[in-house]
Amino acid sequence: MTREHLPMPDLTCREMLLQMGPSHPAMHGTVKLDLRLDGETIVGIDTSIGFLHRGFEKMCEASTWNQCFPYADRLNYVSPAINGVGLALAVEKLLGIEVPERTRYIRVILSEIARIQDHLTAIAAAALELGGFTAMLWAVEARDHYYYLFEDVAGARVTLSYCRVGGVRNDLTPDFREKFHKAAAITERLMVDIDKLLTRNRIFVDRMRHLGVMSAAQAVDWGFSGPCLRASGVPYDVRKDDPYLVYDRVDFDVPVGDNGDNFDRYLVRMEEIRQSLRIVRQCFDQMPEGPVNHPDWQVTHPPKTEVYGTIEGMIAQFELVFRGPVVPAGEVFHSVEGGNGELGFYVVSDGSGRPYRLHVRPPCFAIMQALGDMLKGSMVADIIPTFDSINMIGGEIDR
């Protein structure tokens with residue numbers, strides 16, 4: 001048999017199995033993707049979560065109700081103020097109490113500022129990991145001004161521990177409103193620059209558009225919420241569909257996308273930043289003067305003047321710190337609109353000052369389930385922008 005007539009060997013090879021993370025920088029140390037590849041084409045993805053081992057729910061069961069707030073702040077550590085509001089509303093629902101009117105506005109103001117921070121971080125990460133270092137610097141510059149605001153009112157830049165059962169730690173500082181308006185003006189200016197740099201940028205658009213596509217039906221089936229659901233064309237927003245605090249008193253729009261792809265998720269977050277600024281401005285215009293905590297000392301801590309000056313205040317402080325507010329036996333679920341979607345708290349009380357059970361419904365958990373479907377048939381390089389568009393936060397998804 002001549003050389004040219006020799007049978008050719010079978011050059012097809014089996015699929016490559018590749019582990020991406022958790023030490024991969026794009027996986028944030030909290031997620032591992034088991035990839036099945038045909039060359040550089042993704043055939044399948046098995047997502048492994050839970051590398052933080054945070055144990056939020058079990059730690060809360062060994063703490064008083066107020067001692068749970070520092071743990072809640074560390075769920076979504078990019079927008080921690082929203083976590084504290086959600087937990088406080090769930091416990092107050094079980095107590096059957098209403099917080100003062102001013103407190104309701106303060107909680108909305110801080111929640112919307114936290115949402116702005118969350119979206120700016122997501123946009124910054126998406127730009128940076130596609131080579132857009134300048135856009136990242138602009139987004140982080142805008143975000144830092146809000147960290148200074150939080151530092152003024154709570155003494156901490158990130159994990160605030162500001163909410164309390166029945167109220168908040170303290171009132172806003174006298175110049176908080178003025179400083180917010182300055183920060184908002186800077187944000188709007190930088191948003192124009194980011195929009196010019198990214199929204200019609202050929203490289204950014206080509207790496208984001210028509211990738212990570214989720215139809216409206218698929219998004220609903222997977223349990224999506226937040227910007228990822230709205231980018232698929234479903235206008236569901238807890239603030240509109242199940243209003244809490246004072247969201248039924250302010251006007252704002254719910255942006256939705258057309259294609260449900262990475263680019264739509266970027267556009268939705270850009271518009272939601274503008275809407276959050278709009279909400280906060282209305283809250284400042286409507287917010288009344290008044291107390292910021294429930295008057296019952298069995299629920300909220302008494303003023304320090306009472307603690308130091310009266311026996312009743314000292315006893316109330318002592319009991320709240322060591323025993324915690326006594327919450328009637330029962331169970332409730334309450335959800336808020338977090339930075340990434342519906343953030344829910346399921347709370348069970350046995351009538352003591354500590355949670356009997358506390359479970360969190362993190363929005364990222366449902367969204368991460370769909371990552372394999374979102375990326376199937378795409379290339380390995382498409383993992384990064386798609387993962388960024390989800391904006392997965394390890395602290396809340398950890399199990």
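Computed quantities for the displayed model
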quantity	calculated
Residue that is surrounded by the most Cβ atoms within 10 Å (Cβ to Cβ), among those in the stretch 231-290 that are of a type outside the set (Phe, Trp, Tyr) and touching a strand residue (DSSP E or B) at 6+ places or on another chain (Cβ under 8 Å)	ASP237
Filter result for VAL347 (at negative phi and touching a residue at least 60 places away in the same chain (Cβ under 8 Å))	yes
Every pair of residues 6+ apart whose Cβ atoms lie under 6 Å, when the first sits in the stretch 43-66 and is of a type in the set (Asp, Glu) while the second is at pLDDT 85 or above	ASP46/ASP34; GLU57/LEU358; GLU57/HIS359; GLU61/PRO355
Test for LEU110: is it farther than 30 Å from LYS196 by Cα and in contact (Cβ under 8 Å) with a residue 12 or more places away in the chain	no
Criterion violated by GLN67 - all others in (1) surrounded by 23 or more Cβ atoms within 10 Å (Cβ to Cβ); (2) over 16 Å from MET392 (Cβ atoms); (3) in contact with a Cys (Cβ under 9 Å, 6 or more places away or on another chain) satisfied	(1)
Inter-residue pairs, beta-carbon under 6 Å, first among the charged types (D, E, K, R) and in the stretch 134-145, second surrounded by 21 or more Cβ atoms within 10 Å (Cβ to Cβ) and modelled with pLDDT of 95 or more, 6+ apart	ARG143/GLN117; ARG143/LEU120
Helices (runs of 4 or more DSSP H) contained in the stretch 190-232 and holding at least 3 residues out of contact with any Cys (no Cβ under 6 Å at 6 or more places or on another chain) and without any contact (Cβ under 8 Å) to a residue 60 or more places away in the chain	202-208, 216-222
Selection status of SER335, crowded, with 22+ Cβ neighbours inside 10 Å, within 26 Å of PHE56 (Cβ to Cβ) and at pLDDT 95 or above	no
Qualifying positions in the stretch 348-397 - in a loop (DSSP other than H, G, I, E, B), under 14 Å from the mean Cα position of the chain (by Cα) and of a type outside the set (A, V, I, L, M)	PRO362, ASN391
Test: GLU112 is surrounded by fewer than 17 Cβ atoms within 10 Å (Cβ to Cβ) and at pLDDT 90 or above	no
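The values are calculated or read from the model by the stated rules, or taken from the named source; none is laboratory data. If you're wondering where the values come from, they're calculated on a predicted model, not measured in any experiment. Cβ sites come from the backbone with ideal geometry, for glycine too, and all protein chains shown count toward neighbours.
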